[in-house]
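Take a look at the structure below.
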Amino acid sequence: RDGIDIFVETNGVHVSIIVPIAASGQNLGDLIRPDQLSDRTLYGRYAMIGWGHAGVYRHAKTWADVRSGDVASAILGSNDVLLHVYHLGRPAEGAYTKRFRVTPAQYRHIVAMIRDSFRLDRDGQSIAYPAYGQDNLFYAARGHYDAMHTCNEWTGSILRRAGVRVGAWTPFAGGVMRWF
């Protein structure tokens, strides 16, 4: 079947979407740029993108690092959100990473919704911050995180609105991953 391969990936709690940076006439390279990385050679063909509460992202490289105050803020609601982008060559399928194919039209919708999640500066540029390593960055994002609008619901909503079959509401990782 013709189309574009994309992926969903989970660590058991959080789900990210993995898309080609450029495919089918769509290109996220103006937002996810090589010059934003300290080592440009790590710039990938694919971007693993997650959205979530900024406090949890900033303070919790591992789940053991999660702070109760950040969890409370996330549950109660916050406009302090980030995108987390890892650069990848070609994602490897496995127990935690599932590949599926979308049509070019679905891919255009997915890219448009990802683009809409970036908060831009006055010059229309994405705002990048250091993250956990040289191959990943945080980006200023738009949106409101709360118990109803979680990181996983962000991914599920993007897929659902593009016409990919997922649950009607996907606040937990399983609500997305069980469809693939």
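The values are calculated or read from the model by the stated rules, or taken from the named source; none is laboratory data. Since we're looking at a predicted model, the values are computed, not measured. Each accessible area value is taken on the protein alone, full model and side chains, heavy atoms only, with ligands, DNA and RNA left out. Shrake-Rupley method; radii C 1.70, N 1.55, O 1.52, S 1.80 Å.
Atom-type composition of the exposed protein surface of the range 88-180 places 52 percent of the accessible area on carbon and sulfur (1.4 angstrom probe).
Rolling a 1.4 Å probe over the protein heavy atoms of the range 1-63, with every protein chain left in place, gives an accessible area that is 50 percent carbon and sulfur.
Ordered by solvent-accessible area of protein heavy atoms (1.4 Å probe), largest first, the residues TYR57, TYR86, TYR139 come out as TYR86, TYR57, TYR139.
Solvent-accessible area per residue in the chain equals 50 Å², computed with a 1.4 angstrom probe and all protein chains kept.
Once you sort the root eigenvalues of the Cα gyration tensor of the chain as a ≥ b ≥ c, which label holds: rounded (a/c under 1.5), prolate (a/b larger than b/c) or oblate (the other case)?
Since a/c stays below 1.5, the shape of the chain is classed as rounded.
Taking all protein chains together and rolling a 1.4 Å probe, THR103 ends up with roughly 50 Å² accessible. Residue order by solvent-accessible surface for ASP5, ASP123, ASP116 is ASP123, ASP116, ASP5, largest first, with ligands and nucleic acids left out and a 1.4 Å probe.
Which sequence of PHE138, PHE172 reflects their accessible areas, 1.4 Å probe, from the largest down?
The ordering from most to least exposed comes out as PHE172, PHE138.
Stokes-Einstein D for the range 98-146 at 20 °C, 1.002 mPa s, Kirkwood Rh over Cα pairs, in µm²/s? In µm²/s, the coefficient rounds to 165. Rounded to the nearest 500, the helix-only mean residue ellipticity at 222 nm of the chain stands at -7000 deg cm²/dmol, with each DSSP H run of n ≥ 4 adding -39,500 (n - 2.57). Of the two radii for the range 73-180, the radius of gyration is 0.96 times the Kirkwood radius, both from the alpha carbons; that is the Rg over Rh value.
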